[in-house]
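Read the structure below first, then the notes.
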Amino acid sequence: MMTSSDAVFAHAHLLGIAPLSPGDVTAILDLADAYAGKNRAGQRLKVLDGLLLANLFLENSTRTRLSFEIAAKRLGAEVVNLSAGGSSVQKGEELLDTLKTVGAMRPDIAVLRAGENGAAQKAADTLGCPVINGGDGTNEHPTQALLDALTLRRHFGRLKGLTVAICGDVKHSRVAHSNKLLLEKIGARVVLVAPPELGLPGSLADMAAGIADADAVMMLRIQKERLASALSLSEAQYFAAYGLTPEKLAHAKKDAVVLHPGPMNRGIEIDSAVADDPARSLIAMQVEMGVALRMACLDLLTRGCR
Ligand code: NCD
């Protein structure tokens, strides 16, 4: 019998959700499930023994950068980190030149986060090793969507048939884009909720109507750094209309759960009474699953070079 540890992953890179088949998604989530227990038990594994991860974060990050580093180290890899601050990116070096430089140092696998849409594809074309997209501009953040799916699958025991409302700045959020692709691929229903200026075609402007019937409500930060012009709503107006409070959450299903990829802006898109409610909030579980999910991705993508 084939087990998740024998799973074959027919992709050289993980740049986005679109190329993944539903079977690929299941294989990643099954392997991540197995790694969740090992990570919680603090096991040090040798799966990536002798390999080196280049963790390239040209945009700020807490969860994604740290969880890739922890995941790689749990699997026995060595990790080097590059961030924009302190690198030659601040001296005006172009992304492609930075990538050529890193590639010449021959890492075994790389994670890239950058502000430019398509940056991860550029890295895959340049580095000469498997590349994982750690978030490229407004485009995609595939490991976030996969860890969100893992969190939901562990909570509900299934993904198919769930209704997930994704609320906030859906226009500029790579998390929203990757989640919509992934959830619809595996048979969940996605409702997008946003003020018109932050919406996408088909998104709903009314939050109460948008989250009615939701099994899960995923809140998003306003991507201020990606807005072309200032939001017309003040923070107080935004919170009144779109901030997730216990009163608004009451419009969703009775036992609906709440997700947020972080970083949270409390009092803008989410109220502390919701974010810190252990009965409803899966936010800490998302972070824990982030490590396990990234262990699975690092394992699957290095099978060809070990
Ligand atoms: C998100 C990102 O960077 O896209 N954060 C994350 O990776 N957990 C969301 C955000 O920055 O708002």
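Bear in mind these aren't lab numbers, they're just calculated from the coordinates by the rules spelled out. Fair warning: this is a prediction, and the values are worked out from it, not measured in the lab. Neighbour counts are summed over all protein chains in view; Cβ atoms, including those assigned to glycine, are modelled from backbone coordinates with ideal geometry.
Taking amide H as placed 1.01 Å from N in the peptide plane, Thr163 has its amide H under 5 Å from the amide H of Arg189, Asp215, Ala216, each at least 5 places away in sequence or on another chain.
Amide H contacts for Leu204 (H built 1.01 Å from N in the peptide plane; partners 5 or more residues away or on another chain; cut-off under 5 Å): Leu192, Val193, Ala194.
Dipole check for the stretch 1-145: with +1 at the C-beta of Lys and Arg, -1 at the C-beta of Asp and Glu, and the Cα centre as origin, the magnitude is about 520 Debye.
Seen from every direction in turn and averaged, the convex hull around the alpha carbons of the chain projects onto 15.7 nm².
A Förster radius of 41 Å combined with the Cβ-Cβ distance from Asp276 to Asp125 puts the calculated FRET efficiency at roughly 0.40.
Checking every one of the trypsin sites (Lys or Arg not before Pro) in the stretch 39-85 against DSSP loop status and a limit of 14 other Cβ atoms within 10 Å picks out Arg44, Lys46.
What angle, in degrees between 0 and 90 and rounded to the nearest 10, separates the Cα long axis of helix 142-156 from the longest principal axis of the Cα atoms of the chain? The answer is roughly 60 degrees. The angle between the Cα long axis of helix 22-40 and the main principal axis of the chain comes to about 80°, on a 0 to 90 degree scale.
Among the trypsin sites (Lys or Arg not before Pro) found in the stretch 217-271, those both in a DSSP coil and sparsely packed, with 13 or fewer other Cβ atoms within 10 Å of their Cβ, are Lys254. Which of rounded, prolate, oblate describes the stretch 114-212, given a ≥ b ≥ c as roots of the alpha-carbon gyration tensor eigenvalues and a/c under 1.5 marking rounded, otherwise prolate only if a/b is larger than b/c? It is oblate, given that a/c is not under 1.5 and a/b is not larger than b/c. Taking the DSSP beta bridges with both ends in the chain, the antiparallel portion is around 5 percent. The long axis of helix 283-301 is offset from the longest Cα principal axis of the chain by roughly 30 degrees. Along the stretch 58-74 the Karplus relation, 6.51 cos²θ - 1.76 cosθ + 1.60 evaluated at θ = phi - 60°, assigns HN-Hα couplings of 8, 10, 4, 6, 10, 5, 5, 5, 5, 6, 5, 5, 5, 4, 5, 6, 4 Hz to successive residues, with x for each Gly and Pro. A Förster radius of 30 Å, combined with the Cβ-Cβ distance separating Asn81 from Arg226, puts the computed FRET efficiency at roughly 0.80.
Here the Karplus relation 6.51 cos²θ - 1.76 cosθ + 1.60, evaluated at θ = phi - 60°, turns the backbone of the stretch 168-178 into coupling constants of x, 7, 5, 5, 9, 8, 5, 5, 5, 4, 5 Hz, with x for every Gly and Pro. Between the alpha-carbon centres of the stretch 189-266 and the stretch 276-304 there is a gap of 23 Å. Placing R0 at 45 angstrom, the Cβ-Cβ distance between Asp30 and Ala240 gives a FRET efficiency of 0.60 after rounding to 0.05. Within the stretch 44-142, antiparallel bridges make up roughly 5 percent of the DSSP beta bridges whose residues both belong there.
With 10 angstrom as the radius, rank Lys160, Lys38 by how many other C-beta atoms surround their C-beta, starting from the fewest.
Taking fewest neighbouring Cβ atoms as first place, the list is Lys160, Lys38.
For Cys305 and Ala41, the difference between the fully extended length at 0.36 nm per residue and the C-alpha to C-alpha distance is 92.3 nm.
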